[in-house]
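Below is one structure; the comments refer to it alone.
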Amino acid sequence: MIDSDLKTLEERIEALERRKRPSWVDKRDILEVFAKALLPIAIALAGHLFGRALSRAQVEAAERLRQRDVASARELKERDIAVSMQHSRAQQASVVNTFMQALLSENQRHRQLAIKAALIALPQDGPNLVDAIRATDAGSPIAQFAADALTQRRDDLIHGLFADSASVQVAAANGLVEGWRTRADIVPVLLDSATRRADDPHAVYNTLGVLDALDPDVIRADAGAVRAFAERAKVGPNRGEIGKLAHRVIGKLSG
């Protein structure tokens, strides 16, 4: 009896132990449950990671294309500018040859007309050609005419720099930079005209723009006056861009 009870008790304990410790079959079932639960998560995670990688690759590819397009556009623009400049110089050389005949003519009236026309039609070479006539025929009426024409053209361009029309301002600035970039006589006259318009930010900015584009040796010849003008230009409300340009001009004085 006692033995029978003990056996029954042992069987119950074993049954409880079996419930407490899952069999391999139970464990495998649990693994399958976990696998089924984790599979969608794993697929979603893999898709998310792939999507991020693909998106990043697309962004990088687009950026490379953009940079390549920008570089190509820059190269094309630089090439177009170079071709345009070569074409312009070739055209100007042809015009110079045409003007030379009139500039060297024995007919003084023809020479006078050619001098005035050259200063307008040849913004880069015209002032040098007319100055050469002034120097070559020194003391003659035609030399005086050439000197007066140079002065008049310079003053007209400086006056245009302060015009109401933006297109006139740009044309005047280009004319001064092209024809008077290395001529020292421009700085005192330009500063005098600009000083009388010191309250006009556009006039001050345009003046600094021309000074910045002139040959550094030209503005250094009047370094004191240029520095004083640039220092005054930096003072005042809303002078951010003017201040930057003034600082650059001042920097060229000590180069």
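Laboratory data are not the source of any read-out in this text; all were calculated from the coordinates shown. Small disclaimer: the values here were computed from a predicted structure and weren't measured. Cβ placement follows ideal geometry from the backbone for every residue including glycine, while neighbour counts extend to all protein chains displayed.
For a footprinting-style exposure proxy, rank 142, 133 by other Cβ within 10 Å, fewest first. Walk me through the numbers before you get to the answer.
Details: 142 16, 133 23.
Going from least to most buried by this count: 142, 133.
Which net charge results for the neighbourhood of residue 199, defined as the other residues with beta-carbon distances under 14 angstrom from its beta-carbon, given Lys and Arg at +1 and Asp and Glu at -1?
+3
Just add up the charged neighbours of residue 253: K/R +1, D/E -1, any other residue whose Cβ is under 9 Å from the Cβ of residue 253.
Counting the neighbours of residue 253, the net charge comes to +3.
Can you pull the semi-axes for region 195-251, root of five times each eigenvalue of the Cα gyration tensor, sorted largest first, whole Å? Display every interim value, and only then the final one.
Details: eigenvalues 64, 23, 20 Å².
Square roots of five times the eigenvalues give 18, 11, 10 Å.
Evaluate the distance, in nm, between pseudo-label points positioned 7 Å from the Cα of residue 247 and of residue 171 along their respective Cα→Cβ axes.
3.5 nm
Using the count of nearby Cβ atoms within 10 Å as a rough guide to exposure, how do 150, 190 rank from fewest to most?
150, 190
Taking 0.36 nm per residue of sequence separation and subtracting the Cα-Cα distance, how much length would be gained by fully extending the chain between residue 223 and residue 120, in nm to one decimal?
34.1 nm
Distance in nm between label sites at residue 143 and residue 196, each 7 Å beyond Cα in the beta-carbon direction?
3.1 nm
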